[in-house]
Every structure is written in C-alpha cells, then in structure tokens.
1. Go through region 387-428 residue by residue and tally those that are without any contact (Cβ under 8 Å) to a residue 60 or more places away in the chain and over 30 Å from the mean Cα position of the chain (by Cα).
2. Identify, from the list 122, 193, the residue that is closer than 30 Å to residue 549 by Cβ and in the same structural domain as residue 254 (by the TED database).
3. Got at least one residue in region 312-323 being within 28 Å of residue 436 (Cβ to Cβ) and open to solvent by 10 Å² or more (accessible area, probe 1.4 Å)?
4. Having 1 or more residues that are open to solvent by 10 Å² or more (accessible area, probe 1.4 Å) is the bar; report the strands (runs of 3 or more DSSP E) wholly within region 152-227 that clear it.
5. Give region 88-108 a look and list any residue that's more than 18 Å from the chain's Cα centre (by Cα) and either over 26 Å from residue 515 (Cβ atoms) or in contact (Cβ under 8 Å) with a residue 60 or more places away in the chain (or both), or say none.
6. Can you say whether residue 491 is touching a Phe, Trp or Tyr at 6+ places or on another chain (Cβ under 7 Å) and within 17 Å of residue 281 (Cβ to Cβ), as far as the supplied structure shows?
7. State all residues of region 382-418 that are outside any strand (DSSP E or B) and touching a Ser or Thr at 6+ places or on another chain (Cβ under 6 Å); if no residue qualifies, say none.
8. Considering only residues of region 495-513 that are open to solvent by 10 Å² or more (accessible area, probe 1.4 Å) and among the aromatic types (Phe, Trp, Tyr), which is nearest to residue 370 (Cα to Cα)?
Amino acid sequence: VEVKIEVVIPEKERSKEEMSPNGKASPLVYKVNGTARHYHLEEHPIASNPYHNPKDVVEASVCHVKDLENGQMREVDLGCGKALLIKESGEFHAVGHKCPHYGAPLVKGVLSKGRVRCPWHGACFNISTGDIEDFPGLDSLPRFQVKIEKEKVYIRASKQALQTQRRTKMMAKCISLSNYNLSSTNVLIIGAGAAGLVCAETLRQEGFSDRIVMCTMDRHLPYDRPKLSKSMDSHPEQIALRPKEFFCTYDIEVLTEMQVAAVDIKNKTAVFKDGFKMEYNKLLIATGNTPKSLSCKGKEVENVFNIRTPEDANRVVKLATSKNVVIVGASFLGMEVAAYLAERAHSVSVVELEEVPFKKFFGERVGRAVMKMFESNRVKFYMQTEVSELREQEGKLKEVVLKSGKVLRADVCVVGVGAVPATSFLKQSGINIDSKGFIVVNKMMQTNIPGVFAAGDAVTFPLALRNNKKVNIPHWQMAHMHGRIAALNMLAHGMEISTVPYLWTAMFGKSIRYAGHGEGFDDVVIQGDLDELKFVAFYTKSDEVVAVASMNYDPIVSKVAEVLAAGRTIRKRDVE
C-alpha cells in the first residue's frame, strides 16, 4: 500500500485590491441563542482541484506503509521541502514539519490523541486539519494530502506551503466600515498583547464581521513581548506578531498610544485619557501588568529602567555595552536580561532578596544550578539584600548602594522586581477586582458584568488542573488561550478554559521549559544531572505531580503536559 500526501494550500493572502472593508458577498446569518448575527467569510471559489497552479504542486513517494507503526511520526523530504508524516489509528496524516511559533521540529514533539505538541513551547496542532489547538503562536500548520497506492505512501503538496510551513486560518472581514459611527464599536479590546490579538483573530476566524477596535498605550502594533528580555536589540518590526497589512486586510482597527481612563458599564462606554469616548457592545480587558519601580532614595536618577517596550530594551543594550550593569531582582525578566548583557557589558551584578534565584518557582536545587551557570558566565550575585540608594553624578546613575553596605559601580540599572495588574482605571467601574488588583473571571473569561470579558496577566481564573483554584498565570501561552476563550464566548459558544500552563525561559543559549502549576509544592523529585544542566524536575504536592521543569531533556515537559491535559494524575511514586 502506498501512502500519498497531498498538500492543501493555505488560503492565499488577499490581494491589495481586496482590502476594501466592503464585502461583496451576502453575509451569512448565524443564529446564536435565537439572535441573528451577521457573518461574512471571505469568498473562495470552490474548485475540484485545490491547487490553482499545477506548477506549484509536488507529489512524492515517501515510504512504504509498513515503515511506520501506529503512534509514529517521521519527517519526510519531498524534494523542495519537508512534511511531517504521522500514522495514528491506522491512518496516515501529513502536515507542516516545523512549529510556526519559533520553528521547532515537530517530529521531536509528542503525538497524542489526534494532535502533536511542540517540544519547545507546548503549542498543539490537530493532525487531521493542521489547526492550532493550544498556544503560543498564531498560525496553523499546512495540511497535505496523503494517498496510498500499491503499499506506498505518497504526499501531494504545494511548494509554497512546504516553504512557508505555516497557514493563517480563513477569516471574515468587516461588512461595511463606512456605515459605522467612529465613536462606537461592536467589540472593544483594551490592550494589544497576545490575549487581545488572539481574541480579535478568533472572532474573525469564527466569521464575526462587525467592527473590532483594539486600543493600546504602546506606540506599536502587537509584538512578541517575551523577546524584550531574551533578544534585547530586536527592533519593533522584527518582533511584530503580524504585519501592518494583516490588520488592514481583516479590518482589525488598532488605536496606538491611547489610554483608557475609565469604563462606564451602565452606558457601555470606555472613556479615554484625552476625553474621547467609545461605545461598545462587548468588551475585553487585556491590559496586562505594570512593572513595579524601586522606592529607594535616588530612584528618579537617569539610566534606571523597567523593560516595558522595544525602545527600553534597545536603550539598555546601547548604554550597557562595555559598562557596569546592576539588575535588581532575580526574576525571569531580571535573569534573562543579565544573561543577555553578560557578554556585552563590562560587569553584570544581580541583587536579590531571596537566597537563590527562582527559589519559589523552581525550588532551591534547580535555582542553585542556574545560579552556578550564571556565575560561570561572569555574573555576580548579591543575595539576601536590597537596594537602599541609587547615587548619581551629573544626574546619571553612578553607584547602587545595598542595605548590606556594599556599594556597586553602575552605569545602568534594570529593575525586575515584579509587577502589578494594570487595572487601577477600573476601581469605580463595578467590575469585580480582588484585593491584589486582579480582575476576577470565570472559566469562560467572563467578569461579573454581562458582555465584559477579561484575559491575560491582569486576571485570576479557575484552573481546571488544580481543582478550579483561582490563579493568576502571567505567561505568554496562557494569554493566547484566554484571548481565544473570551472570543468564543463573546459568540456564545459556551467554551470553558482547560489548558495546561506552559512557559519557558532562555539564558546563555539554554532553555528551561515548565508545565503545570507548582504553587505550594512541597517536594522536588530530580532525575538527571543538575551540574551538567541536563535534568528534569517534578514538583509534587503531597502525592501528586503538579508541575515539571526540564533543561536539555526534551520532550519530557511536553509529554507531561499531554498527560495532564488528558486529565490523568501523575503520582510521586511514578517519577521517583
């Protein structure tokens, strides 16, 4: 039996002429709870041949049917590009072989129940459709056609799809922007991070064709914020999540440098700092958090930074080159910045209140191993102390004085001592906010106010993995999923969040991956070698594994994430 794979071409990007917001086709009417809603998907001619250009198609025999067992994956070469061939339950599937997020080889990932999970950052893709089912990342995989003839497996694919290795889902457009009042929108999204963008894209993917407005205090269109501390000299256009044309094509309006000062839930109106008011029908609040500043003497001197924007990161790199850097806080941000600057600066010092970096998150033993790695890269630590004063010379930072009495030379200081939710503008709104300032939402990302949703770093939500305990998880993957769930529930899909938290940090070319929710762990079971930085750490609470972290041990974290996602419990004795 031969298996043939045919690549189904991703929807081509619309030509420039099609960018008009006025759709020509009659909108679909989609009833939700008895209410007629107008939807308007892009028109695509239905052709018997899915490949518009025969020259763009390649077909190749890639293996014998018996070469793959059920549950196996193989990267196969079609001459002008590769595909991932998968056999599950006796059926063959073929999709793109690279994760569209950062290009991880999916053949090294985890196959489980109709989906493949990326080994690096945990994104999940449906093997039948290529659709993205868990995050991070925005695009799906191209899907290729498979044929079996004379016990051989053939794949048929578009050359373009083999080269791009990504597919943007089909989306609706706005039916007629010209009919809208500028000061009213159907959906208003406050915040343009991962949660806000995924919400807008999901609405369009689901056929929503009314007006969507995103607003952000940032100067830029949505960008890959984790790169600010991992790749500090990236320019905004290099880390943009979508190009400018994308927002025009799909009629997602983005108002930059616009700050919402208040929300009037009674009149469904957002009031901006400059006095402009915008009415909405549905609202998503995805404002993220605000970095904490130092409260010590001299905190206003020049060259003290929170890394909040690409400009902040770029400026720090420029000022730090061949100079003395002090980083306050051995947080993810602080440690990533320290690692990035270690080979560029003259000296890098980290000041931290705890005795070991990441102690509360990764535990003492993993924290010590990470600390050792930093020390071998010329980073100095000043632990169990705080900053008492920042001293200046001619207005610019010169020294950092510690409570221990130690004085550090410093030309630049980066502050990474945590953050608070950016929700102060909601205090009088009637939207339920907890004592720490987090917006409280249910499993559908709904607040206590009908039609008002919240997502991302600024919320607490029930985590299915931990018996629906209300948690705040300020990480990139989770923000994506929050945005998707909020969008589906704006459309009354009744979708509940059940994702497994997944995060990573990168330092000195090495990554620590982490899945689960380890808050309150009481023991850590370590396999492998901490000194060699090749290990897996299982975080347990009583008898149950609640989280896992690894370094140079792929794809163990993705494997554990799949087990937890299936609702199965891993016992401590299983990993000891």
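1. Going through region 387-428 one residue at a time, the tally reaches 11.
2. 193
3. Of the residues in region 312-323, the ones within 28 Å of residue 436 (Cβ to Cβ) are 312-313.
Next, only the ones that are open to solvent by 10 Å² or more (accessible area, probe 1.4 Å) stay: 312.
So far as region 312-323 goes, yes, one or more of its residues are within 28 Å of residue 436 (Cβ to Cβ) and open to solvent by 10 Å² or more (accessible area, probe 1.4 Å).
4. Filter on region 152-227 gives 152-158, 184-190.
5. 90, 91, 92, 94, 96, 97, 108, listed by residue number.
6. It is true that residue 491 is touching a Phe, Trp or Tyr at 6+ places or on another chain (Cβ under 7 Å) and within 17 Å of residue 281 (Cβ to Cβ).
7. Result: 385, 403, 404, 416.
8. Restricting to residues being open to solvent by 10 Å² or more (accessible area, probe 1.4 Å) and among the aromatic types (Phe, Trp, Tyr), the top hit is 508.
The values are calculated or read from the model by the stated rules, or taken from the named source; none is laboratory data. Only a predicted model underlies this, so the values are computations on that prediction, with no experimental measurement involved. With ideal geometry, Cβ positions are generated from the backbone for all residues, glycine too; neighbour counts draw on all protein chains shown. Accessible surface is based on the protein model in full, side chains and every heavy atom, while ligands, DNA and RNA are left aside. Shrake-Rupley method; radii C 1.70, N 1.55, O 1.52, S 1.80 Å.
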